[in-house]
């Protein structure tokens, strides 16, 4: 039996950069806080909490701080969060992913130019909440074809469409097509991260060949959930796990290929544990 690990599995550039920075700051004597969990992976967050890093879950928690360093995670935040940090006299360590920062700049510029902003993504995801905050006019978040079909704007509206970096590329294209058929004056910025596109494409290709797929990532990880959906569409026997402890695997003798992929918030250590376990035990 062959076990194949997708090349683009595990921490993406933005997440690795943010997590490395938190571990680096832990070595100082400062009080370290992250605005929201630095990564959507409970194992990483727990490891950092054991080293004294505290997670600020909301604006109220940030406003209650009197001292310390606040790390902005890769997902980014709306402008008000920077304003609160500055007003409180706290140190701000901004680890917003450069790809996300690019979306903030596009949204700010295009909304200041009078365009209506449409964000394709999950309205509850912190990255989307952050992007929305950079629009000077109310921004609309669209996640489903139904929402896209129901969208209405005045005929002379100019619309700028951006995407959450981890959104499914095929779904993004489908939603953009619905908007284009409406006849609005539209500019589209495909802001899906290259790493996300590559990861999804690779996982899908692997799933078409595999008898079993294992997708590893945090339960709150948007990009891992999308990987799972993609793999499941091609490989019925797809498992979504957070750590090796979650893996309840029974493989019949007929299984020839087990594919493994992992979300952008999954540490290499966890991927290696799963990979080694499957190789040794089956």
**Fill in**
Using the Kirkwood formula on alpha carbons, the hydrodynamic radius of the range 90-234 in angstrom works out to 16.3
**Asked** Quick one: if you stick a label point 7 Å off each Cα along the C-beta vector at residue 51 and residue 137, how many nm between them?
**Response** 4.5
**Request:** At 0.36 nm per residue, minus the direct Cα-Cα distance, what do residue 28 and residue 272 gain on full extension? Give it in nm, one decimal, please.
**Result:** 84.9 nm
**Request:** Would you please put 116-124, 133-141 in order of how densely packed they are, using the mean number of other Cβ atoms within 10 angstrom per residue and starting with the highest?
**Result:** 116-124, 133-141
**Request:** Sort out for me the Cα centre separation of the range 123-165 from the range 259-282, rounded to whole Å.
**Result:** 36
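Could you sort 208-221, 87-100, 28-41 so that the peptide with the highest average Cβ count within 10 Å comes first and the rest follow in order?
Top of the packing list down: 208-221, 28-41, 87-100.
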**Message:** Assuming 0.36 nm per residue, please report the length gained on full extension of the stretch residue 112 to residue 154 beyond their Cα-Cα distance.
**Reply:** 13.3 nm
**GNM result for the chain, Cα springs below 10 Å: residue of 252, 79, 126 fluctuating most strongly** = 252
**Fill in**
Across all Cα atoms of the chain, Rg and the largest Cα-Cα distance (Dmax), in Å, are 20.4, 63
**Message:** Largest first, please: the extent of the C-alpha atoms of the range 13-97 along each principal axis, to the nearest Å.
**Reply:** 31, 25, 19
**Request:** With a cut-off of 12 Å, note down the residues of the range 221-235 whose backbone N falls inside the zone around a label point 7 Å from the Cα of residue 205 toward its beta carbon.
**Result:** none
**Request:** Between residue 171 and residue 236, take the C-beta separation as r, use R0 = 22 Å, and let me know the FRET efficiency to the nearest 0.05.
**Result:** 0.60
**Request:** May I have the extent of the alpha carbons of the range 71-133 along their three principal axes, as whole Å values ordered from largest to smallest?
**Result:** 34, 23, 20
**Request:** Return the distance in nm (one decimal) between the two label points of a simple spin-label model at residue 64 and residue 185, each offset 7 Å from Cα along Cα→Cβ.
**Result:** 4.9
**Sequence-separation-based contact order of the chain, relative, with Cα cut under 8 Å and 6+ spacing, percent** = 22
**Item:** Separation in nanometres of the label points that stand 7 Å from Cα toward Cβ, at residue 282 and residue 86
**Value:** 5.3
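Read the figures in this text as sums done on the coordinates, not as results from a lab. Note that this is a predicted model, so its numbers are computed, not measured. In this analysis, Cβ positions are derived from the backbone assuming ideal geometry, glycine residues included, and neighbour counts consider all displayed protein chains.
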